[in-house]
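Asker: Encoded as structure tokens, here's the structure I'll be asking about.
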Amino acid sequence: MDHVVSVACPACGAAVHDSDRFCEGCGAALVAPAAPAEPSPEPSPQPSPEPSAADGAGAPCRSCGGVVAADGYCEQCGALAVSERDHWSERPAPHVGGVCDRGRRHARNEDAMALHADGALTALVVCDGVSSAPDSDLASLAAARAARDVLAAGAVPATVTEAARPAAWSALLVDAAAAADAAIRGAVGDRAGRAEPPSCTFVAAVVDGPLVVTGWLGDSRTYWLPDAGTPRQLSADDSGANELIARGVPRAQAESSPTAHAITRWLGPDAPDVVPQTTATRTQGPGWVLVCSDGLWNYCSEAADLDALVRDVEARVGSAPDAIAAELVTWANAQGGHDNITVALARPTGDSLQAEPTGSAANVEAAPPPASRPDLDPTDR
């Protein structure tokens, strides 16, 4: 039987048992109520989350308080740890901002962005990790940061003539892509030897006054959405269908090809070619440069449709670029959020005259056909 100890009530002196919670004589509480647990402090928003494949490891699980293992899941309840990488925003200047979000269907955010602003110069970089290649979240963030740093550090000097600036920025975008690819190899270590090593798409846009120069590998996109005029997509997807169309294959035949949805260029240890296509445009009047992953454009691909969506959002939330980006992310999640979603926006300054191709798809036609990766479906990254 249990051993019972009699003690005195501190309020009235009546005999009570040590297991009693209240005195039967006066009703006084015999056990002090437990102090409510302090809520776990919310982490401060981090505009530049660290590139970790297991964000949250070692921290207490927010669902049950258990230990989060190295793979990012709680050892007690199995919940995936909340990660700073799941959703973050950046706004380096009033006219520049972006949001990166995990979406609704993927367990991890494999998109990344890195933004820079200095006076009239802006750099927007978005990389979309390939979900079929494990740990591609490491690749995308390392690549985005490395490319941004090259573009910021190597900014074309003001002494370079207006006519020479498109080519100078295009050359720097090539350097930025090479640095991004090298950064991936450094970030993934021995994972580079896998059959499907971590990899990602790449798109970067430099806004230099009214001049917009963009470079890309894969199917993350750059759009120009003028306040007045015709909106258009500045990049051209590196996909099997587009490669065939560029070589003169009829669109219907190209889009029904077995390789139509294969990504033909990317960054990573198994990439056969990391030289981006580039194009330069001199904008006329104000508007938005929008850089995004396919988590957005899968739901709104045509430039005119995307422009209408942005204008509707701007009318509701105002002209702050991070607020517009956040609302576009919310909209994409409402459509299903099947993929990670990244949106970055900037407004050029000044007027100019015309578009100037500097290394676009037309110049790539004569190049040998790049190796394709049929596993890189643009709807599954």
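Asker: Name the single residue that is modelled with the lowest pLDDT among those in the stretch 187-207 being surrounded by fewer than 24 Cβ atoms within 10 Å (Cβ to Cβ) and in contact with a helix residue (DSSP H, G or I) (Cβ under 7 Å, 6 or more places away or on another chain).
Answerer: The qualifying residue modelled with the lowest pLDDT is 192.
Asker: What's the total number of residues in the stretch 59-108 that are closer than 30 Å to residue 318 by Cβ and either over 16 Å from the mean Cα position of the chain (by Cα) or not hydroxyl-bearing (Ser, Thr, Tyr) (or both)?
Answerer: 23
Asker: Only one of (1) over 13 Å from residue 204 (Cβ atoms); (2) of a type outside the set (Lys, Arg); (3) assigned to a strand (DSSP E or B); (4) without any contact (Cβ under 8 Å) to a residue 40 or more places away in the chain is not met by residue 88, so which one is it?
Answerer: (4)
Asker: Can I ask one more? Of (1) within 19 Å of the chain's Cα centre (by Cα); (2) of a type in the set (Gly, Ala, Ser); (3) at pLDDT 95 or above; (4) over 27 Å from residue 167 (Cα atoms), residue 308 satisfies all except one. Which?
Answerer: Going through the list (1) within 19 Å of the chain's Cα centre (by Cα); (2) of a type in the set (Gly, Ala, Ser); (3) at pLDDT 95 or above; (4) over 27 Å from residue 167 (Cα atoms), residue 308 breaks only (1).
Asker: Ok, one more. Which members of the stretch 320-374 meet the condition of being under 17 Å from residue 289 (Cβ atoms), modelled with pLDDT of 95 or more and either not charged (D, E, K, R) or not assigned by TED's automatic domain parsing to the domain that holds residue 310 (or both)?
Answerer: Passing the criteria: 320, 321, 323, 324, 325, 328, 342, 343, 344, 345, 346.
Asker: Moving on. How do the pairs read when you match residues in the stretch 102-129 that are outside the structural domain of residue 329 (by TED's automatic domain parsing) with residues anywhere that are surrounded by fewer than 24 Cβ atoms within 10 Å (Cβ to Cβ) and in a strand (DSSP E or B), using Cβ under 7 Å and keeping only pairs 6 or more apart or on different chains?
Answerer: none
Asker: Of the residues 101, 137, which is buried (at least 22 other Cβ atoms within 10 Å of the Cβ) and touching a Gly at 6+ places or on another chain (Cβ under 7 Å)?
Answerer: Checking each option against the conditions leaves just 137.
Asker: Could you check the stretch 193-219 and list, in sequence order, the residues that are hydrophobic (A, V, I, L, M, F, W, C) and touching a residue at least 24 places away in the same chain (Cβ under 8 Å)?
Answerer: Selection gives 200, 202, 203, 204, 205, 206, 207, 211, 212, 213, 216, 217.
Asker: Report whether or not residue 117 is touching a His at 6+ places or on another chain (Cβ under 7 Å) and part of a strand (DSSP E or B).
Answerer: It is false that residue 117 is touching a His at 6+ places or on another chain (Cβ under 7 Å) and part of a strand (DSSP E or B).
Asker: Somewhere in the stretch 248-255, is a residue more than 25 Å from residue 105 (Cβ to Cβ), part of a loop (DSSP other than H, G, I, E, B), of a type outside the set (Gly, Ala, Ser) and without any contact (Cβ under 8 Å) to a residue 12 or more places away in the chain?
Answerer: yes
Asker: Another question, if that's okay. With respect to residue 140, is the statement that it is among the small types (Gly, Ala, Ser), under 19 Å from residue 71 (Cα atoms) and not in a helix (DSSP H, G or I) true?
Answerer: no
Asker: Please determine whether any residue of the stretch 150-163 is under 19 Å from residue 71 (Cβ atoms) and surrounded by 24 or more Cβ atoms within 10 Å (Cβ to Cβ).
Answerer: No, every residue in the stretch 150-163 fails to be under 19 Å from residue 71 (Cβ atoms) and surrounded by 24 or more Cβ atoms within 10 Å (Cβ to Cβ).
Asker: Do the conditions hold for residue 265, that is, is it over 16 Å from residue 348 (Cβ atoms) and either crowded, with 19+ Cβ neighbours inside 10 Å or assigned by TED's automatic domain parsing to the domain that holds residue 198 (or both)?
Answerer: Answer is yes for this residue.
Asker: What are the residues in the stretch 299-322 that are assigned to a loop (DSSP other than H, G, I, E, B) and surrounded by 15 or more Cβ atoms within 10 Å (Cβ to Cβ), if any?
Answerer: 299, 300, 320 - these are the residues of the stretch 299-322 that are assigned to a loop (DSSP other than H, G, I, E, B) and surrounded by 15 or more Cβ atoms within 10 Å (Cβ to Cβ).
Asker: For the stretch 325-339, state whether one or more residues are among the hydroxyl-bearing types (Ser, Thr, Tyr) and in a loop (DSSP other than H, G, I, E, B).
Answerer: No, that holds for no residue.
Asker: May I ask you to verify whether residue 240 is at pLDDT below 90 and under 26 Å from residue 188 (Cβ atoms)?
Answerer: Yes, satisfied.
Asker: So residue 187 passes all but one of these: (1) within 26 Å of residue 88 (Cβ to Cβ); (2) touching a Lys or Arg at 6+ places or on another chain (Cβ under 6 Å). Which condition number does it fail?
Answerer: The failed condition is (2).
The values are calculated or read from the model by the stated rules, or taken from the named source; none is laboratory data. No experiment lies behind these values; they were computed from the predicted model shown. Methodologically, a virtual Cβ is constructed for each residue, glycine included, from the backbone with ideal geometry; neighbour enumeration extends over all protein chains shown.
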